[in-house]
1. Step by step: first the residues of the range 91-132, then only those that are free of Cβ contacts under 8 Å to residues at least 60 places away in the same chain and acidic (Asp, Glu), then the one that is nearest to residue 75 (Cα to Cα). Which residue is that?
2. Suppose the filter is without any contact (Cβ under 8 Å) to a residue 12 or more places away in the chain and either within 23 Å of residue 45 (Cα to Cα) or surrounded by 12 or more Cβ atoms within 10 Å (Cβ to Cβ) (or both); does residue 88 pass it?
3. Take the range 102-124 and flag every residue that is within 18 Å of residue 53 (Cβ to Cβ), in a strand (DSSP E or B) and open to solvent by 20 Å² or more (accessible area, probe 1.4 Å).
4. Restricting attention to the range 136-159, does a residue exist that is under 30 Å from residue 8 (Cβ atoms), β-branched (Val, Ile, Thr) and in contact with a strand residue (DSSP E or B) (Cβ under 8 Å, 6 or more places away or on another chain)?
5. Could you give every pair whose Cβ atoms fall below 9 Å, whose first residue belongs to the range 156-179 and is more than 22 Å from residue 145 (Cα to Cα) and in contact (Cβ under 8 Å) with a residue 40 or more places away in the chain, and whose second residue is open to solvent by 40 Å² or more (accessible area, probe 1.4 Å) and part of a strand (DSSP E or B), counting only separations of at least 6 or pairs across chains?
6. Say we look at the range 21-30 and pick out the residues that are touching a residue at least 12 places away in the same chain (Cβ under 8 Å) and surrounded by fewer than 21 Cβ atoms within 10 Å (Cβ to Cβ); which of these is farthest from residue 2 (Cα to Cα)?
7. For residues that are part of a loop (DSSP other than H, G, I, E, B), open to solvent by less than 20 Å² (accessible area, probe 1.4 Å) and not small (Gly, Ala, Ser), tally how many sit in the range 31-61.
8. For the range 141-165, which positions are surrounded by fewer than 16 Cβ atoms within 10 Å (Cβ to Cβ) and either more than 19 Å from the chain's Cα centre (by Cα) or within 14 Å of residue 103 (Cα to Cα) (or both)?
Amino acid sequence: MTTLKVQRRNMETKAKKLRREGYVTGNLFGKEIEGSIPLQIEKQEAERIERECMKGSQLYLELDGKTYDVLIKEMDYRPMDHQILEMDFQALVKGEKVHSVAEVVLLNHEKVKSGVVELLLEEISYEALPENLIEKVEIDLDGKTAGDTIRVKDLPIATAEGIHLKTNPEETVVQVTEVHNAPEEEETEEAAEE
């Protein structure tokens, strides 16, 4: 499992100043932690975690010589350039269920036979023990055609052992709809023949 080294943040230093100095701010909270622990994370490390993990990922957090088994609860970005600004972590407690999300990842987009793929649900909310956490749900689009619909109940997470869904199982995750610009395609074909 991925490990991230973090430092305890001095709250007298403003977040803007820390960001200028190359840090991302964050918080660690959990049932066995009083209040929360403010963190500062080296920007390169935060960006590495952002590439390797996602909201709902489980990892180890090293702080003051202690290792915490944590869940990424939130990642906040600056809207203009998608720079990561803050990461929040929940310390996991063995034997205690935690609320999390699994990110929906679409595979084989180019193998859709007909229609346009619409992703209607980017993450699926659920509750599970730390050992049953699911980071992502992959949906293979190979062979899908216009009219196909995939609901939460159609995915492996819906029947996975130890997973209690919070998202409605009837909710549509992906649908493939008809393409409505057919006349333009005909014109392009005619132009290509000339």
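1. Filtering the range 91-132 down to residues free of Cβ contacts under 8 Å to residues at least 60 places away in the same chain leaves 94-95, 98, 100-103, 105, 107-111, 113, 117-122, 124-129, 131-132.
Checking the rest, the ones that are also acidic (Asp, Glu) come to 103, 110, 118, 122, 127, 131.
Working: 103: 13, 110: 29, 118: 24, 122: 15, 127: 19, 131: 22 Å.
So the residue we want is 103.
2. Values: without any contact (Cβ under 8 Å) to a residue 12 or more places away in the chain: no; either within 23 Å of residue 45 (Cα to Cα) or surrounded by 12 or more Cβ atoms within 10 Å (Cβ to Cβ) (or both): yes.
So residue 88 fails the test.
3. 103, 105, 123
4. Among the residues of the range 136-159, not one is under 30 Å from residue 8 (Cβ atoms), β-branched (Val, Ile, Thr) and in contact with a strand residue (DSSP E or B) (Cβ under 8 Å, 6 or more places away or on another chain), which makes the answer no.
5. Final answer for the pair search is 164/127; 165/127; 166/99; 166/127; 167/123.
6. Of all residues in the range 21-30, those touching a residue at least 12 places away in the same chain (Cβ under 8 Å) come to 22-30.
Those still in the list that are surrounded by fewer than 21 Cβ atoms within 10 Å (Cβ to Cβ) too: 22, 27, 29-30.
Details: 22: 21, 27: 18, 29: 19, 30: 19 Å.
Residue satisfying both the conditions and the ranking: 22.
7. From the range 31-61, those part of a loop (DSSP other than H, G, I, E, B) are 31-35, 53-57; that's our starting set.
Remaining after also requiring open to solvent by less than 20 Å² (accessible area, probe 1.4 Å): 53, 56-57.
Next cut, not small (Gly, Ala, Ser) only: 53.
Final tally of qualifying residues: 1.
8. Residues satisfying the conditions are 142, 143, 145, 146, 147, 149, 153, 154, 156, 159, 161, 162.
The values are calculated or read from the model by the stated rules, or taken from the named source; none is laboratory data. Computed from a predicted structure; not experimentally measured. Because the Cβ atoms are built from the backbone with ideal geometry, glycine has one as well, and the counts that use them run over all protein chains shown. Quick note on the areas: whole protein, heavy atoms, side chains included, nothing else; ligands and nucleic acids left out. Shrake-Rupley method; radii C 1.70, N 1.55, O 1.52, S 1.80 Å.
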